[in-house]
Amino acid sequence: MAKLIARNPNEPEFHQAVREVVESLASYIIADPALQKMKVLERMAEPERVIMFRVPWLNDRGDIEINRGYRVQMNSAIGPYKGGIRFHASVNLSIMKFLAFEQTLKNSLTTLPMGGAKGGSDFDPKGKSDNEVMRFCQSFVTELYRHIGQDTDVPAGDIGVGAREIGFMFGQYKRLRDEFTGTFTGKGLGWGGSSLRPEATGYGVCYFANEMLATRGESFKGKVVTISGSGNVAQFAAEKALQLGAKVVTLSDSSGYVYDPDGLDHDKLEYVKLLKNVFRGRIKEYAERYPNAKYFPGERPWGVKCDIAMPCATQNEINGDNARSLVENGCICVAEGANMPSTPEAISIFHSNKLLYSPGKASNAGGVATSGLEMSQNSMRIKWTREEVDEKLRSIMCNIHEVCVKYGTEEDGYINYVKGANIGGFMKVADAMMSQGCV
Ligand code: NDP
């Protein structure tokens with residue numbers, strides 16, 4: 001860790017992600033001299049390639065704006081690079097590297113042949129017109145296209161990148177390359193997208209949480225659920241939780257959260273989808289429409305009493321104090337939809353209180369798994385039904401849960417999902433790297 005920090009200064013999120021894995025794997029690696037000799041973990045923490053580039057574009061007034069684009073191609077030991085693109089003002093190299101590092105282990109856990117990558121830009125789509133977003137996406141891809149391809153690197157969506165942005169990026173890629181291939185996932189259903197891809201991350205989190213709850217004879221039925229975020233992952237985590245009989249009482253965005261004591265229902269959720277995906281509004285408008293709901297500006301929902309918490313917004317959104325509130329309020333399960341939403345202190349509080357706690361790289365892997373299924377369908381030129389994809393998604397999430405139980409069960413029977421996911425994800429990548437020599 002000391003060497004890694006010295007070589008990668010000012011990258012706290014990257015250090016945090018690697019440290020968690022190092023702590024889980026230390027005894028495992030110490031016991032295996034071959035892993036040490038081949039410097040597998042050291043190589044995994046050094047990106048195979050980092051691409052940083054200028055993204056100039058014209059705003060609606062005709063002025064030039066300049067953003068910075070990134071693609072971190074972290075590891076291709078088990079397949080082409082694969083990972084989302086994030087457009088958010090906070091994007092920097094540290095965040096890109098932490099996400100690409102986590103993605104490598106997550107993709108391995110899915111059992112599909114996908115390496116790890118992540119990309120994005122500090123471009124903030126909020127308040128931009130559709131035309132501005134299109135011009136930005138076209139400029140972004142005008143550089144990125146030479147580094148990606150269906151057998152090289154396959155990007156998808158993430159924060160700030162949904163169906164609209166994937167459409168613009170795919171369109172420009174197709175135009176530059178003059179080819180119609182599955183180089184992006186999350187495409188529209190009529191042009192190569194997979195059924196259930198928009199739903200996959202959120203549904204997958206609930207399938208995983210259901211497996212965790214089942215280890216204690218529990219289920220979603222009748223449970224109170226708090227969710228952060230109101231974007232893609234949050235919307236479909238809420239939808240599946242409702243279908244499984246839970247009561248979802250919160251949603252949020254970067255400005256605050258709403259608490260609805262009556263809980264969401266189908267109509268309210270449809271309103272949220274319209275508000276966020278079509279009108280690109282703010283979550284406070286929910287409280288204006290449903291007067292029983294209350295809006296808390298500038299706050300996160302972790303002080304609200306719940307049985308199950310699903311953070312689905314961003315990294316480090318649950319700190320030690322938030323974790324203590326969750327425990328004191330009787331929460332039994334924290335299933336992460338976002339990537340690295342809990343700080344190390346929060347994770348240690350969950351562990352010492354024996355909560356069911358799953359790291360994002362295990363419980364949110366349903367999104368990339370379904371992207372992997374989209375790649376397969378594109379290569380085979382076929383389309384699976386929603387039911388077929390759902391069945392595969394369920395089985396992948398159950399399988400990841402089994403891997404976590406296998407490698408994460410401690411002497412007292414407590415399942416440490418962090419350890420289980422880190423060891424389970426690492427093994428396949430490590431085996432491939434050992435076989436492929438010093439590359
Ligand atoms: P969206 O852009 O659709 O939604 C993000 C949500 O999180 C929005 O409500 C946004 O609010 C909120 N948010 C973003 N940044 C912050 C912040 N700094 N503080 C508080 N709230 C914030 O993104 P997704 O739903 O796709 O992604 C959410 C999380 O899930 C991310 O961590 C992502 O990496 C992870 N993930 C996503 C996958 C996918 O398939 N999309 C797959 C696996 C993981 P606002 O509108 O105000 O910005």
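The values are calculated or read from the model by the stated rules, or taken from the named source; none is laboratory data. Computed from a predicted structure; not experimentally measured. Please note: Cβ atoms are built from the backbone with ideal geometry, for glycine as well, and neighbour counts cover all protein chains shown. SASA here: full protein model, heavy atoms, side chains in, ligands and nucleic acids out. Shrake-Rupley method; radii C 1.70, N 1.55, O 1.52, S 1.80 Å.
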proj_area_mean for region 130-255 (convex hull on C-alpha atoms), units nm², value 9.8
Multiplying the sequence separation of residue 262 and residue 406 by 0.36 nm and subtracting their Cα-Cα distance, what value in nm do you get? 47.9 nm
Please compute the contact order of region 269-390 in relative form: average sequence separation of alpha-carbon pairs under 8 Å and at least six residues apart, divided by the residue count, as a percent. 18
Mean-position separation - Cα centroids, region 335-394 and region 50-114, in angstrom: 18
What is the distance, in nm, between label points placed 7 Å from the Cα along the Cα-to-Cβ direction at residue 328 and at residue 65? 4.2
Share (percent) of C-alpha pair distances in region 1-120 greater than 24 Å works out to 33
Give me the percent of DSSP beta bridges within the chain that run antiparallel, rounded to the nearest 5. 55
Heavy-atom accessible area per residue, region 1-115, 1.4 Å probe: how many Å²? 44
For region 189-316, the percent of accessible surface on carbon and sulfur atoms (probe 1.4 angstrom, ligands and nucleic acids excluded) is 51
Relative to the present Cα-Cα distance, how much length would full extension add between residue 53 and residue 388 at 0.36 nm per residue of separation? 116.6 nm
Would you mind computing Rg(Cα) / (2.2 N^0.38 Å) for the chain, counting N as its residues? 0.93
As a check on your grasp of the helix formula, calculate [θ] at 222 nm for the chain: sum -39500 (n - 2.57) over DSSP H runs of n ≥ 4, divide by the residue count, round to the nearest 500. -14500 deg cm²/dmol
With a cut-off of 17 Å, note down the residues of region 76-110 whose backbone N falls inside the zone around a label point 7 Å from the Cα of residue 143 toward its beta carbon. 85-97
How many nm separate the modelled label positions at residue 292 and residue 23, each set 7 Å beyond the Cα in the direction of the Cβ? 4.1
Calculate how large, on average over all directions, the projected area of the Cα convex hull of region 57-183 is; give the answer in nm² to one decimal. 7.4
Relative contact order for region 1-121: what is it in percent, counting Cα pairs under 8 Å that are at least 6 residues apart? 27
Please give every one of the lysines within straight-line cross-link reach of residue 187, meaning a C-alpha to C-alpha distance under 24 Å, and leave out same-chain neighbours fewer than 8 residues apart. 82, 106, 118, 126, 128, 174, 240, 273, 276, 361, 383, 392
So how many Å³ per residue does the convex hull of the Cα atoms of region 200-362 work out to? 95
Over the Cα atoms, compute the radius of gyration (one decimal) and Dmax (the largest Cα-Cα distance, rounded to a whole number) for region 333-439, in Å. 16.3, 49
